[in-house]
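The values are calculated or read from the model by the stated rules, or taken from the named source; none is laboratory data. Note that the structure is predicted; figures quoted are calculated from it, not measured. So basically every Cβ, Gly included, is an ideal-geometry build from the backbone, and we count neighbours across all protein chains shown.
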Amino acid sequence: MPVLRTNILANYAGQIWMALMGVVFIPLYIKLLGMEAFGLVGLMLSIQALSMLFDLGMGGALNRELAQRVHDVRLAHTLGNLVRTFEWLVWPIALLLVAVVWLASGPLADHWLHPDHLSRAATAHAIAIMGLAVALQWPSSFYANGLSGLEQQPALNLINAGFATLRGAGVLAVLYWISPTISAFMWWYAATGACQSAVSAATLWRLLPTDPQRRAMFRATELRAVGRFAGGLLAIMTLAVMVSQLDRVVISAMLPLAELGYFSLAMSVAAGMGRMIQPMFNALYPRYSRLVSLGQQDGLIQLYHLSNQCLVVIVAAVAAVLMVFGRDVLYLWTGDVATAAKLSLPLSILIAGTALNGLMNLPYAMQLAHGWTRLAVGMNLVALAMGIPFCVWAVAHHGITGAAWLWFAINLAFVTIGIPLMHRHLLRGEMARWYVRDVLPPAIAAAAAVLLARRLLPAVSRSLGGITLLAVASIAALLSAALAAPLVRAMLRRQLDVWLQPRQ
């Protein structure tokens with residue numbers, strides 16, 4: 001447990017910092033580039049998400065295999081061969097990504113996007129560089145999965161936080177002193193992405209417990225051993241990426257490019273909240289995998305409920321603050337009253353959808369730990385089939401607000417339909433406990449605390465006082481949610497007893 005606690009804390013420290021680097025500079029990007037060019041940054045994020053389809057399930061399979069093999073002396077010598085085998089696929093695929101985006105840059109600029117101020121040539125050039133930037137950073141996610149599987153989250157978060165700072169803050173120097181253009185922005189992202197992939201690879205190989213007498217080599221048997229599970233992950237990832245990017249694809253095709261910029265702005269806040277969810281998944285997925293492989297069912301169930309309650313405390317507190325104080329957060333961040341008013345409703349809907357999505361993360365980790373991918377494939381397939389016509393209609397009639405409703409509806413279905421099916425298959429008898437004890441008490445407590453704060457606190461101004469008020473509301477929500485979660489409350493009580501116990 002100490003290692004798991006350290007990994008979770010390291011993940012949260014890293015993700016909080018990366019969230020700050022991902023959102024704090026956005027108003028400056030918009031000021032220097034314009035909302036239309038920032039729409040291309042939103043397009044880059046979509047291409048980055050779509051690029052995960054090229055992962056072919058290798059990252060998730062590597063994570064699970066390293067988590068299970070590293071503690072088995074009979075299999076530890078195979079770790080180097082496993083990583084090397086996947087590497088023979090990862091880097092050629094990165095080159096393929098460059099070619100695909102470069103070939104698509106012209107048609108995207110000419111026939112898909114609707115720029116009003118950027119020229120078609122400048123748009124196509126930016127998209128071509130965008131492909132290079134995405135491709136050079138793409139291998140880093142593979143190596144990150146490897147470090148996560150080894151439960152080396154402190155090293156992983158140090159790398160990610162460092163390059164997030166270099167990428168987010170460093171590009172401002174490029175825009176201010178070299179060239180305030182979208183092309184310069186993309187070139188900087190390409191350079192930092194290449195460095196991040198190289199450092200991540202070197203770190204994984206340094207921490208990998210390999211036999212110095214045996215040279216790591218490509219082994220086709222490794223591909224066959226994990227092929228079925230990786231194939232299931234690929235199907236899940238393909239459908240999940242298509243579902244998650246459906247709104248931006250439809251917006252980019254049906255609305256002006258500036259509207260994509262506004263939606264990307266709201267999604268940046270929602271993605272920042274999503275970073276509060278990822279640390280728990282990253283730390284617990286390998287631990288779930290290890291407990292499953294060892295057959296320790298009682299310990300697995302106990303950890304499952306405790307970890308879900310911890311996650312709900314964080315998700316409920318952050319979501320409640322962003323939904324109730326959404327307009328204030330946007331105004332504090334951008335300083336633009338009109339933008340805050342335009343995005344307050346879409347942001348609240350996106351945050352609600354992201355919160356529901358967050359609740360699914362640890363149940364999904366449990367499915368992967370058991371090697372069961374069928375449910376996630378089926379749910380995402382249905383969501384995509386029903387989501388396409390809904391999104392086209394919603395965007396046509398309600399613009400970016402309609403696109404936000406798609407995200408909420410999909411995740412509501414996942415929680416109400418997917419959770420019962422998952423528990424029936426893997427954790428029979430634990431579903432009611434998940435809903436009634438793990439989720440509802442902290443969620444209700446956080447919502448009540450924030451609504452009370454909204455009523456009692458004065459209006460939030462764009463000042464240090466306004467930030468302080470939001471901090472007070474956030475702390476109240478977090479404490480209320482933590483005290484309402486039974487296992488979290490007991491854990492805090494035990495920790496408090498340790499702190500108050502007199503030292504001998």
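To keep it simple, each residue is scored yes or no on (1) at pLDDT 80 or above; (2) surrounded by 14 or more Cβ atoms within 10 Å (Cβ to Cβ).
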| residue | (1), (2) |
| --- | --- |
| Ala445 | yes, yes |
| Ala449 | yes, yes |
| Leu456 | yes, no |
| Ala481 | yes, yes |
| Trp499 | no, no |
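The residues of region 378-428 that are outside any helix (DSSP H, G or I) and not hydrophobic (A, V, I, L, M, F, W, C) amount to a single one, Arg428. Every condition in (1) closer than 21 Å to Ala126 by Cβ; (2) at pLDDT 75 or above; (3) not assigned by TED's automatic domain parsing to the domain that holds Leu33 holds for Ala240 except the one numbered (1). Can you spot a residue in region 355-369 that is in a helix (DSSP H, G or I), farther than 24 Å from Ile277 by Cα and without any contact (Cβ under 8 Å) to a residue 60 or more places away in the chain? No - not one qualifying residue is present in region 355-369. If you check Ala271, Ala338, which single one turns out to be surrounded by fewer than 21 Cβ atoms within 10 Å (Cβ to Cβ), of a type in the set (A, V, I, L, M, F, W, C) and over 19 Å from Leu359 (Cβ atoms)? Going through Ala271, Ala338 in turn, the sole match is Ala338. Taking the criterion of being within 20 Å of Trp434 (Cβ to Cβ), among the hydrophobic types (A, V, I, L, M, F, W, C) and more than 20 Å from the chain's Cα centre (by Cα), the residues of region 364-396 that qualify are Trp372, Leu375. Could you grab me the full set of residues in region 188-218 that are touching a Ser or Thr at 6+ places or on another chain (Cβ under 9 Å), modelled with pLDDT of 75 or more and surrounded by 15 or more Cβ atoms within 10 Å (Cβ to Cβ)? Result: Gly193, Gln196, Ser197, Val199, Ser200, Ala201. What are the residues in region 55-86 that are of a type in the set (A, V, I, L, M, F, W, C) and at pLDDT 70 or above, if any? Within region 55-86, Met58, Ala61, Leu62, Leu66, Ala67, Val70, Leu79, Leu82, Val83, Phe86 qualify. Filtering region 247-264 to residues that are modelled with pLDDT under 80, of a type in the set (A, V, I, L, M) and either within 18 Å of Ser344 (Cα to Cα) or touching a Cys at 6+ places or on another chain (Cβ under 6 Å) (or both) leaves Ala258, Leu260.
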